[in-house]
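To keep things clear, I will list the structure first and then write my remarks on it.
The values are calculated or read from the model by the stated rules, or taken from the named source; none is laboratory data. All of these numbers come straight from a predicted model, not from anything done at the bench. No Cβ is skipped: glycine too gets one built from the backbone with ideal geometry, and neighbour counts run over all protein chains shown. Keep in mind that these areas ignore ligands, DNA and RNA; they rest on the heavy atoms of the full protein, side chains included. Shrake-Rupley method; radii C 1.70, N 1.55, O 1.52, S 1.80 Å.
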Amino acid sequence: METMPRDRLEALQLKRLKETVQKVYTRVPFYRDKFEKHGVVPGDVRTLADLRKLPFTEKKDLRDHYPFGLLAVDKSEIVRIHASSGTSGKPTVVGYTRRDIDQWAEIVARAIAAAGGRPGEVLHNAYGYGLFTGGLGLHYGSEKLGMATVPISGGNTERQIMLIEDFQPTVICGTPSYILNIVETMERMGKDPRKTSLKYGILGAEPWSMEMRREIEERLGIKAIDIYGLSEVIGPGVSIECHEAQDGLHVMEDHFIVEVIDPETLEPVPEGADGELVFTSLTKEAMPVIRYRTGDIASLDKTPCLCGRTTVRMSRVKGRIDDMLIIRGVNIFPSEIENVLLSVDELAPHYQLMLTRHGPLDEVVLNVEINPETFAAFGGDLNLEGARDLAARVARMIKNACLVTVEVHLMPPGSIPRSEGKAVRVVDKRAEAAPRA
Ligand code: DLL
């Protein structure tokens, strides 16, 4: 499926697209109404390019039809329910039929194999188990591939470390921030993280920079592979990097069509340009999605990959449109700031951006930890001139690289909360600040 000649792959996509469009039109009143308002019928989709005639679907549509309004099957056919925790109000809910679950397991099995996992080996799965799709998604894929799967979930880090030593896994799965937490805990326990049996990490579910990848690879002695997905589309496994090239995430195109659009004009962007990822599912039974706007920013690359896969690759996700900070008119993602922070030797890879408001202007305070050696060198006093100089240097580097002014606060080691799942990089305190003048 992954090395098929493009013309055959596209023929398969078109066949599946037509079936999906017909199915949602017949079975989901929401899609039928939307298509009618848009003046399209399933017969209008004759080529892959005709996908663009169809209207978009958004997170709000899922919320408005909470919990089961977008199902294309009878509720009695649902065997699993997942939900993504929204920041506000009701979560978005997704249902799966038995066939969906089998198919998803197959997709994730392929993803783990692309990342370097092999049958007969052990996989340590530190993604959270529960309504979040990470834990169970990786779990079923790993079993399907024939790996001995350790369903450890997140948390209880010292125990995780013991089991890594005892079970000898070759693959570890988790969010980059939690894997870093494990590494740090190993170091604190006086263990050398580079000496474990681990060879590959399958990391995702949150934005992470190239610098963060380098940091994890060096400190844990593994190849850190980026995996992407979202509950609304299926969960983890929508795309993954291959361990051969680690150069962009191969989209599972036999199951999903990807587009990149300008989030303002909703028109496609030129190949290679950044824009919002949009996915159409081709094989889902319970809850197919048509042109689902993810809010995630990335670009596409259609050039062949050295691994031999013919599927399109997406760049790493820079961030979500909602996470984009607009500081005095400059747009910036936390991951761009992360890239700068991780290039400074004195800093530790733990940071939070605090948004506050002073009068009419939004301000950004960056809390970033310094590493234990630097803290010791300052004698634990972050008011020393050396510490103030370091903060000023970091602020200047961010200004040069990202064109924004942030106030940098150095923090002692261990003072920023560690994540066991998705890290919180932005804390919005604007509502608590004094009201606008
Ligand atoms: O995070 C699914 C997943 C689980 C992906 C495990 C990878 C590994 P949701 O909770 O619905 O699903 O959150 C989806 O997380 O729209 C992105 O904003 C973000 N995201 C997921 N993977 C990546 C990644 C899972 N590799 C949302 N890089 C998505 C950056 C990611 N952001």
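Picking from residues in region 84-118 that are at pLDDT below 95 and not in a loop (DSSP other than H, G, I, E, B), the one that is nearest to the ligand (Cβ to nearest atom) is S84.
Residues in region 35-83 that are of a type in the set (S, T, Y) and within 16 Å of the ligand (Cβ to nearest atom): T57, Y66. If only residues of region 337-356 that are open to solvent by 10 Å² or more (accessible area, probe 1.4 Å) and among the β-branched types (V, I, T) are counted, the one that is nearest to P207 (Cα to Cα) is V340. Checking each residue in region 38-88 for being of a type in the set (G, A, S) and assigned by TED's automatic domain parsing to the domain that holds L131 picks out G69, A72, S76, A83, S84, S85, G86, S88. For the subset of region 244-297 comprising residues that are surrounded by fewer than 23 Cβ atoms within 10 Å (Cβ to Cβ) and of a type in the set (K, R), which member is nearest to M324 (Cα to Cα)? The qualifying residue nearest to M324 (Cα to Cα) is R293. In this structure, T196 does satisfy being among the hydroxyl-bearing types (S, T, Y), surrounded by fewer than 24 Cβ atoms within 10 Å (Cβ to Cβ) and touching a Gly at 6+ places or on another chain (Cβ under 9 Å).
Residue by residue, here is whether (1) among the aliphatic types (A, V, I, L, M); (2) more than 29 Å from A111 (Cβ to Cβ); (3) touching a Phe, Trp or Tyr at 6+ places or on another chain (Cβ under 6 Å) holds:
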site	(1), (2), (3)
A11	yes, no, no
E19	no, no, no
K23	no, no, no
R32	no, yes, yes
V45	yes, no, no
L54	yes, no, no
R63	no, no, no
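Among the residues of region 203-234, those identified as more than 6 Å from the ligand (Cβ to nearest atom), within 30 Å of K60 (Cα to Cα) and either part of a helix (DSSP H, G or I) or in contact (Cβ under 8 Å) with a residue 60 or more places away in the chain (or both) are W208, S209, E232, V233, I234. Residues in region 119-142 that are outside any loop (DSSP other than H, G, I, E, B) and either more than 16 Å from the ligand (Cβ to nearest atom) or at pLDDT below 95 (or both): 1 in all. Each residue in region 146-170 was checked for being away from the ligand (no atom under 16 Å from the Cβ) and open to solvent by 30 Å² or more (accessible area, probe 1.4 Å), and 10 pass.
Within region 112-126, residues that are closer than 20 Å to L249 by Cβ sit with their Cβ atoms under 6 Å from residues that are surrounded by fewer than 19 Cβ atoms within 10 Å (Cβ to Cβ), at 6+ positions apart or across chains, in these pairs: A115/H243; G116/H243; N125/P151. Report yes if S315 is small (G, A, S), within 14 Å of the ligand (Cβ to nearest atom), assigned by TED's automatic domain parsing to the domain that holds E211 and open to solvent by 10 Å² or more (accessible area, probe 1.4 Å), otherwise no. Yes.
Restricted to region 403-422, and to residues that are open to solvent by less than 30 Å² (accessible area, probe 1.4 Å) and farther than 13 Å from E369 by Cβ, which residue is nearest to the ligand (Cβ to nearest atom)? Here the residue is G421.
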